[in-house]
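The values are calculated or read from the model by the stated rules, or taken from the named source; none is laboratory data. If you're wondering where the values come from, they're calculated on a predicted model, not measured in any experiment. With ideal geometry, Cβ positions are generated from the backbone for all residues, glycine too; neighbour counts draw on all protein chains shown.
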Amino acid sequence: MASKEQKIRRNVRRSYIISTTSITLVLFMLGVVSYVTLSMLTTAERLRDSVVVSVELSPEMEDEARVVLLEDVEASGMVRSVEFMDRDAKLEDEAFRQQFQVDIDMLLGDNPLRDSYEITLTKECSTVESVEKFVSVVRGYDGVEYISIPPVDIVESMHATISHLTIGLLIFLGVLLFISVLLLNNTIRLAIYSKRYLINTMKLVGATKWYIMRPLLGSALKQGVVAGVVASLMICGVVYGAETYTIEGIKMLDYREVGIIIGAVMAVGIVITLLFSAFAVNKFVNMKSNKIHLY
């Protein structure tokens, strides 16, 4: 008898470990795909919101003309922010000086740089047509000597590529979510199925429905928490690797957004495990004893 009971306990423990591992892997996949998808969306938005036009001003340009240019630019509705860069401040900028092998002011005897406005366009105006229209207008002001624009076509092309990838990932995430729900449902139902005789025995001796369900739901809650915690730790490992070895130009999520994903993974693990366990237990509790062997 003792060996038979040990065998039953071993089988139950094995079933618990297998179902918990399955839930953990499903939650991990959901978390990783969600992280990659949101990272792509964030990168696309940052690319569209980072088009900067540099408008260099003539040294002879009057202060009044500069003010007029600044006011007109800010009132155009195409600008998110404007920053004035003094020519001397540019020369002292360490990142700028590293581009040259020698001090250009020492080489040329004077500071060849010009004052400029660094104008960041809104993401709605980051297209090639909008940038060209903006530059043509600004170029018409007296005192504007040179306008430097980023390779907007490259930014736009990269944004289109990321958008296509994001759409594909969103579709994949939806399909994965659907399959995950089915897989979790079947996994949990199989785990409860292995306890159907125990449920039936408790019902035969007069145990109430809640008395039967309470320990099983408590076990399901523990299972959901364990699976959620392990999946979250695995996701944190992926996030750390992505932050360490990320491709230049691809911006990962911040800690708040990662925390939201991990919280969602934990919540999904607990809620789905409890919900599906309740359905499965309820089915066997309500099943007639003479049918328990036929299921």
Here the qualifying pairs (Cβ atoms under 8 Å; residues six or more apart or on different chains; first in the range 169-190 and outside any helix (DSSP H, G or I); second acidic (Asp, Glu)) come out as none
Could you list, in sequence order, the residues of the range 47-78 that are closer than 13 Å to Ile119 by Cα, among the aliphatic types (A, V, I, L, M) and at pLDDT below 80?
Val51
Where in the range 94-162 are there helices (runs of 4 or more DSSP H), lying fully within it, with 2 or more residues that are modelled with pLDDT of 60 or more and crowded, with 16+ Cβ neighbours inside 10 Å?
128-139
Determine if the range 12-23 includes at least one residue that is modelled with pLDDT under 70 and assigned to a helix (DSSP H, G or I).
yes
Does Asn200 satisfy being in contact with a helix residue (DSSP H, G or I) (Cβ under 6 Å, 6 or more places away or on another chain) and surrounded by 17 or more Cβ atoms within 10 Å (Cβ to Cβ)?
yes
Here are some conditions: (1) surrounded by fewer than 18 Cβ atoms within 10 Å (Cβ to Cβ); (2) modelled with pLDDT of 75 or more. Met213 meets all but one. Which one does it not meet?
(1)
Quick one: Ala207 ticks every box in (1) touching a residue at least 24 places away in the same chain (Cβ under 8 Å); (2) farther than 20 Å from Arg13 by Cβ; (3) small (Gly, Ala, Ser) except a single one, so which number is it?
(1)
Hey, Arg189 surrounded by fewer than 16 Cβ atoms within 10 Å (Cβ to Cβ), among the basic types (Lys, Arg) and farther than 15 Å from Leu25 by Cβ or not:
no
Failed item in (1) over 16 Å from Thr24 (Cβ atoms); (2) part of a helix (DSSP H, G or I), with Ala207 passing the rest:
(2)
Would you pick out the residues in the range 32-55 that are surrounded by fewer than 18 Cβ atoms within 10 Å (Cβ to Cβ) and assigned to a strand (DSSP E or B)?
Val52, Ser54
Answer from Ser219, Ser232, Ser180 - the residue that is over 30 Å from Ala44 (Cβ atoms) and assigned by TED's automatic domain parsing to the domain that holds Thr20
Ser219
